Amino acid sequence: MTDKVSYAISSDEKNSYTGGTMILGIDVGGTHTDATLIENFELKRKAKVLTNRENLMDSLLEVTGELFKSENPDNLKRVVLSTTISTNAIVQGKTERVGLILASGPGLSPATLKINDDTHFISGYVNHRGIEAAGIDHDEVSRICTHFREEGIDHAGIVGKFSTRNPGQEIEIRDIINDNLKHVSLGHRMSGNLNFPRRIATTYLNAAIHDLYTAFVRDIQDFVGKMGADVPIYILKADGGTFEIDQSTEYPVQTILSGPAASIMGVLSLTDCREDAIALDIGGTTTDIAIFADGVPLLEPLGVTIEGHKTMIRGLRTKSIGIGGDSRVKYESNEIIIGPERDGPAAAFGGPSPTPTDAMIVLGLTKIGDKDKATAAINSIAKETGCPAHEAAKTIFDQTCLEIAVSVKEMLEEINNRPVYTVHEILEGKKLTPQILHVVGGPAEPMAEHLGELLGCPAHIPGHAEVANAVGAALARTTAELTLLADTEQQTLTIVEEGIQTQIPNGFSRDDALNIGKEKLRERAIKMGAKEEDIAVEVIEDQEFNMVRGFHTTGKNIRVKVQVKPGLIAGFGKEQTI
Amino acid sequence: MKRTGLIFFPAFDWAISPTHPEREERLLYTQDQVFEEGLLDFDNIIEFKPGMATPDDINRIHICVPDAGSVITESHLISAGGAITAADKVLQGKVDNAFALVRPPGHHAMRVVHGARGFCNVNIEAIMVEYIRKNYGPKRVAIIDTDCHHGDGSQDIYWHDPDTLYISIHQDGRTLYPGSGFPEEFGGPNALGATINIPLPPQTSEEGFLHVLDNLILPILDEFKPDLIINSAGQDNHYTDPITDMRFTAQGYAMLNEKLSPDIAVLEGGYSIESALPYINVGIILAMAGIDYSHVKEPDYDPVSLKQSDEISRYIEKEASEIYNLWKKRDSIKEDLVGGAEYVRRDRDIYYDTDGIREQQKETVRICNDCGGLLTIDSTASTGNKIFAVIIPGQSCPTCRSKGEEIFASTDKTSLNYAYFQDRDKNIFLVE
Ligand SMILES: [Zn+2]
Ligand SMILES: [Zn+2]
């Protein structure tokens, strides 16, 4: 099922990846593994195979075998993978036993914070300014470590409340126990944000999937070696950015839920989106909704959620609703109900229940499957509602579109109503107003136009949508984020995600913080695998407060957050699509 | 567990002045603690963006001189709007209770506003209460003001309203601004017992506050039977507060809110922004949401050193029972106090400490058994403004209304800067 497609683009739009440069993008999904080969920003080849869940390597070899039948791997410059390995490990509970040491301080009760039987609370903690309120008791920590060894626990997570204000205690605890354990994850490395319960969950998951993920990384490195390529390998993260594979082993949890991220980055690369926009991925069982602001995909404000674990992982904001082309349609207490169950494929493809897809076939919106079977299925609903089949099909189709549109509007409403904390932002009241609707997925063709009408913007169906994920992964740039806190009263500067706390002079200013932040972010991004031309630093938080004690200003509290936002690699995206 | 709405508006870009206690930094550490505790991740704690109050909302209860726009900033509209959002969510049943964690505060703002008093320009609880009555029908409301300072503004606004029970618990006025709030201040002639003042001696701790709550406030609430309980939630009774002298704690505030079970809490004062507010606010939110708050403690919390003296305990026990007896006798006091008078007048000098304005006010109420009574106000301020206002009370009787309309029509306005006519029930606000 390999085919070859290419589009000409003008040569002045090519830069760093031009001249025989090939990128291999692979998306290992739950059902299919897709691969794309991109040369000079042209989609050169694409391939799709069924994912062998027992042996991912087989799928990888099969799909790339297809792809490289007539290509020379020597021309490869980069390989990017989007993988469900971390997600699946968590969903299927194939995780390591993790001992947790929590410096929880005052606040929520330990009973609320405890996430497994191996959670231990210790007496030290720091306060909201990062000032140590109670020191670490070394004996207490050593006793817990001994207990871990006795229990055969060799993976640990160390998480302090407000450790993003002062990572010192987490590091101190690690230094006490480090030599005795196989892997230790530290809370402040996961994110610079505040949220202790999420920090605990994130650190736990990071440690819990560490071994499995590390083994996967070795396999991938072997596999690329076997292909005869010696090129950088990148892994896609939940925020739609990539990081270099060696760096990824410290933060495997960043790779959870990268599937939806790949799909959104795919839409981005297939559409040249730079306005406020809606992206819909309509599948069989669910529809995923994503929103772009000025062409940049929105992130989850607090972090992504997986299997009930609320994490701090920066991830693209998606909303998944239980309605798709194969949703079961039934008539119950005078109402047509669509989804959330899927009984199987559409009736037109031999499924047991009527579905929106069958309705679209009856309406002549699409010419797939067995129309007689579709009509028979829709007739069963028509009989119950007491109207002709065509009318029932129309009702089902309209209702499917309407339910999706309502969910999109709710999501926009939620985003537009997010709380803000300054008078300026309240008065300014910036609101998203989507200019275009991008639709991918099986029923995109028959549904897009009507959805666009309901949402008040033109609909667009990108080409090559069936390999959007692999294209998105291939072209995603490396992202990074860095949080800085300066407390000039304490004379400390904390660079959170790097675990650094240093002394600063009295006159330290917000500009100093911004300059250091930008420089350190650049270093961090390069370390993560970014290319210089991809590092567009964006300041996402920049606040300064006078600290006043007894009517005298005693110092400044400066808070800076900088990022390289999700987007496509340089040289791509200048009025250009695959 | 309860569904608790949180309206958080720290106004990070608004201050009275750069080093004033009411400044940008005030809720910074509270925000940090609330975020770090992950409180917004609880399914039963829901954050809402504050709406903005309108000048109509202010004119429903205040007489602003010369007008609302001149005495407030946008920040006041958002703060009052936050309280209104809290009320909407509760009254529409979206949540069981709500906490408006907003600034600037309002409980020192009186009915007539020439400027700012005690960091307050307009009274955000009163604006909220009258918004509720306008939009959700007449309600009996109890406001429990747990700020360390006497809420003289709220007291002034509800002095004549028999349907609003205003209870203030605060540090004794002989030792703290604004110097008022004694048990004898017991409500106007038409609303005796609808104002209750409970001054507490300096260095009162948890024990004293909770004694007053259990033995005085809760029994009175039982008898008053309010439709809504509002906590005017000042946080300056805390043992670390820089401008007061009390020994209340985060645990105490949480227990108080658990027992009081307010429908709506609105932040008032509290200026120990680093050592107290983060812990008190987390405690209040958890208590309102019915989540275990027993581990919310200040880093230097020490119940032994914070214990109040036996002398204070005895004083408070005696005072609580005296005030309760006074409340029991509220109906029989009216006869002695009013006699056969048709109108009762009170003359006051009011000082606006924040803006340095002095006001002389003559307030006259019509004695009425059928409503809160027609009110007229003569007010002259050091700004040079001389005003007269006719105020028809909410749920007014026909006599008070027609007399008020007559008085306003026949008032000679030539010697006045402004004349105001306010009729809340009919939604009329006139300025001449
Ligand atoms: Zn106060
Ligand atoms: Zn009357």
Q) By how many nm would the segment from residue A:320 to residue A:428 grow when fully extended, if each residue of separation counts as 0.36 nm and the alpha-carbon distance is taken off? A) 35.9 nm
Q | Charge tally in the Cβ shell below 13 Å around residue A:149, where Lys, Arg are +1 and Asp, Glu are -1, residue A:149 excluded | A | -2
(Q) I'm a student and want to see the number: the projected area of the Cα convex hull of region A:144-199, averaged over all directions, in nm². (A) 3.8
Q: Just the number, please: percent antiparallel of the DSSP beta bridges in region A:126-257, rounded to the nearest 5.
A: 50
**Q.** Using alpha carbons only: equivalent-ellipsoid semi-axes of region A:477-564, gyration tensor based, whole Å
**A.** 28, 12, 9
Q. Helix-derived [θ] at 222 nm for chain A: sum -39500 (n - 2.57) over DSSP H runs of at least 4, divide by residue count, nearest 500?
A. -10000 deg cm²/dmol
Q: Show the residues, 5+ positions off or on another chain, whose built amide H is closer than 5 Å to the amide H of residue B:195.
A: B:166, B:187
Q.
Per residue of region B:239-246, what does 6.51 cos²θ - 1.76 cosθ + 1.60 with θ = phi - 60° give for ³J(HN,Hα)? Whole Hz please, x for Gly and Pro, Karplus curve as stated.
A. 5, 9, 5, x, 10, 9, 9, 10
(Q) Tell me the volume per residue, in Å³, of the convex hull enclosing the alpha carbons of region A:98-207. (A) 83
(Q) In whole Hz and in residue order, list the ³J(HN,Hα) couplings for region A:215-229 that follow from phi through the Karplus curve 6.51 cos²θ - 1.76 cosθ + 1.60, θ = phi - 60°; x for Gly and Pro. (A) 5, 4, 4, 4, 4, 5, 5, 4, 4, 5, x, 4, 5, x, 10
Q | DSSP-loop GluC sites (Glu not before Pro) across region B:268-371, with at most 14 other Cβ within 10 angstrom | A | B:342
Q.
Under the rule of at least 5 residues apart or a separate chain, name every residue whose amide H is placed under 5 Å from the amide H of residue A:556.
A. A:488, A:489, A:547
Q: For region A:47-140, compute Rh as the Kirkwood radius over C-alpha pairs and then the Stokes-Einstein diffusion coefficient at 25 °C and 0.890 mPa s; write the answer in µm²/s, rounded to an integer.
A: 133
Q: Give the Cα extents of the protein assembly as shown along the principal axes, in whole Å, largest first.
A: 108, 77, 52
Q: Let me know the mean shielding of B:7-14 by other chains, meaning the per-residue number of their Cβ atoms within 10 Å of its Cβ.
A: 4
Q. Of the listed peptides B:253-265, B:398-410, A:211-223, what is their order by residue-averaged count of other C-beta atoms within 10 Å, with the highest listed first?
A. B:253-265, A:211-223, B:398-410
Q) Once Rh is set to the Kirkwood radius over Cα pairs, what Stokes-Einstein translational diffusion coefficient, in µm²/s, holds for region B:341-431 at a temperature of 20 °C and a viscosity of 1.002 mPa s? A) 155
Q | region A:383-394 - phi-based ³J(HN,Hα) in whole Hz, Karplus 6.51/-1.76/1.60, Gly and Pro as x | A | 4, 5, 7, x, 9, x, 4, 4, 5, 4, 4, 4
Q | Cβ-defined net charge surrounding residue B:74, 12 Å radius [Lys, Arg +1; Asp, Glu -1] | A | -3
Q.
Taking R0 as 35 Å, what FRET efficiency do you get between residue A:42 and residue A:221 from their Cβ-Cβ distance, rounded to the nearest 0.05?
A. 0.80
Q. Check residue A:21: other-chain or 5+ apart residues with amide H under 5 Å from its amide H, H built from backbone geometry?
A. A:40
(Q) Between residue B:19 and residue A:502, how high is the FRET efficiency from 1/(1 + (r/R0)^6) when r is the Cβ-Cβ distance and R₀ = 22 Å? Nearest 0.05. (A) 0.20
Q: Out of all DSSP beta bridges with both ends in region B:4-330, state the antiparallel percent to the nearest 5.
A: 5
Q. Which value, in Å³ per residue, describes the convex hull spanned by the Cα atoms of region B:4-330?
A. 118
**Q.** Relative contact order of chain A, pairs being alpha-carbon contacts under 8 Å that are 6 or more residues apart, as %
**A.** 14
Q: Evaluate Rg over Rh across region B:115-270, taking Cα atoms for both radii and Kirkwood's formula for Rh.
A: 0.93
Q. Starting at 0 and stepping by 20 Å, how many percent of the alpha carbon pairs of chain A end up in each bin?
A. 19, 48, 28, 4, 0
Q.
No partner Cβ under 4.7 angstrom, meaning no disulfide-compatible partner by this rule: which Cys of chain B qualify?
A. B:64, B:120, B:148, B:368, B:400
Q.
Per q in 0.15, 0.19 Å⁻¹, report the Debye log10 I(q)/I(0) for region A:356-427, using one uniform scatterer on each alpha carbon and no solvent.
A. -0.58, -0.75
Q | residue B:258-residue A:123 FRET efficiency (beta carbon distance; Förster radius 35 Å; 0.05 resolution) | A | 0.80
Q.
At 7 Å along Cα-to-Cβ for each site, give me the label-to-label distance between residue B:328 and residue A:523 in nm.
A. 7.5
Q: Mind putting a number on the dipole of region A:34-152 about its Cα centre? Charges go on the C-beta only, +1 for Lys and Arg and -1 for Asp and Glu, and I need it in Debye to the nearest 20.
A: 440
Q. Mind checking the mean number of beta-carbon atoms from other chains within 10 Å of the Cβ atoms in A:121-129?
A. 3
Q: Take chain B, connect every pair of alpha-carbon atoms lying under 10 Å apart with a spring to form a Gaussian network, then pick out the residue of B:385, B:123, B:190 with the largest mean-square fluctuation.
A: B:385
Q) Dividing the Cα radius of gyration by the Kirkwood radius, what Rg/Rh value follows for region A:391-461? A) 1.12
Q.
Past 29 Å, Cα to Cα: identify those pairs from A:531/A:561; A:237/B:297; A:46/A:371; A:46/A:226; A:46/A:367; B:259/B:329, in the order given.
A. A:237/B:297; A:46/A:371
Q | Shape category assigned to region B:167-226 from the gyration tensor of Cα positions, a/c cut at 1.5 | A | oblate
Q) Averaged across the residues of A:423-431, what count of C-beta atoms belonging to other chains lies within 10 Å of each residue's C-beta? A) 4
Q | region B:182-257 versus region B:9-51: alpha-carbon centroid distance in Å | A | 24
Q. Using Cα pairs under 8 angstrom and six or more residues apart, how large is the relative contact order of region B:4-330, in percent?
A. 18
Q: Indicate, rounded to the nearest 5 percent, the antiparallel portion of the DSSP beta bridges found entirely in chain A.
A: 70
Q) Taking the simple approach of a point 7 Å from Cα along Cα-to-Cβ for both residue A:54 and residue A:391, what is their distance in nm? A) 5.3
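No value in this document is a laboratory result; all are computed from the given coordinates. Here the structure is a predicted model, which means the values were calculated and not measured. In this analysis, Cβ positions are derived from the backbone assuming ideal geometry, glycine residues included, and neighbour counts consider all displayed protein chains.
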